[in-house]
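Input: a single structure, listed below in structure tokens.
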Amino acid sequence: MRAIDTNVLARYLLNDDKKQSELAAATIAAGVFVPATVLLELSWLLQSRYRQSREVVADTLAGIIDLPSVTVADAPLMRWVLSRYAAGADIADMIHLASSTSTVGFATFDRAVVGDAGPGAPVPVETLD
């Protein structure tokens with residue numbers, strides 16, 4: 001199984017270059033791993049360049065995770081990230097939390113992270129004073 005870059009998923013979703021879109025679809029159909037950082041970058045691309053709403057972006061990323069040929073690290077945790085993002089959280093902050101499950105907690109100066117993560121955060125969030 002190969003990991004893929006953001007540009008492969010972008011060509012697959014946007015179908016804006018016939019040759020690359022076909023190659024992307026074939027690559028994904030063969031089975032791929034999508035790193036969380038690729039989902040992060042794709043969310044930024046879809047929101048900033050293509051002016052997609054955060055709800056549409058969250059649904060699009062969830063659709064990618066749901067593809068039978070796509071593997072992500074800890075799909076339920078990535079779904080949590082997307083649900084928090086759709087609700088208004090910063091996706092990068094939520095990915096930071098999701099990537100910290102082997103720790104005792106997440107320390108930040110950003111007080112908004114606690115509220116954005118909600119009561120179901122995968123690790124305790126501590127704001128430093």
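The values are calculated or read from the model by the stated rules, or taken from the named source; none is laboratory data. Just so it is clear, the structure is predicted and the values come from calculations on it, not from any experiment. Virtual Cβ from ideal backbone geometry, glycine too; neighbours counted across all protein chains shown. The protein model used for the area step is the full one, side chains on, heavy atoms only, and it has no ligands, DNA or RNA in it. Shrake-Rupley method; radii C 1.70, N 1.55, O 1.52, S 1.80 Å.
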Residues being out of contact with any Lys or Arg (no Cβ under 9 Å at 6 or more places or on another chain), hydrophobic (A, V, I, L, M, F, W, C) and within 14 Å of Trp80 (Cα to Cα) - total across the stretch 114-125
1
So Phe33 clears everything in (1) more than 23 Å from Asp110 (Cβ to Cβ); (2) in contact with a helix residue (DSSP H, G or I) (Cβ under 8 Å, 6 or more places away or on another chain); (3) of a type in the set (A, V, I, L, M, F, W, C) except one condition, right? Which one?
(2)
The one condition in (1) within 25 Å of Pro122 (Cβ to Cβ); (2) touching a residue at least 24 places away in the same chain (Cβ under 8 Å); (3) surrounded by 13 or more Cβ atoms within 10 Å (Cβ to Cβ) that Ser100 fails to fulfil
(2)
Could you check the stretch 1-82 for helices (runs of 4 or more DSSP H) lying wholly inside it with 3 or more residues that are modelled with pLDDT of 95 or more, under 23 Å from Ser99 (Cα atoms) and open to solvent by 20 Å² or more (accessible area, probe 1.4 Å)?
36-44, 54-66
Failed item, numbered, when Pro119 is tested on (1) at pLDDT below 95; (2) buried (at least 17 other Cβ atoms within 10 Å of the Cβ):
(2)
Ala107 assigned to a loop (DSSP other than H, G, I, E, B), open to solvent by 30 Å² or more (accessible area, probe 1.4 Å), touching a strand residue (DSSP E or B) at 6+ places or on another chain (Cβ under 9 Å) and of a type outside the set (Ser, Thr, Tyr)
no
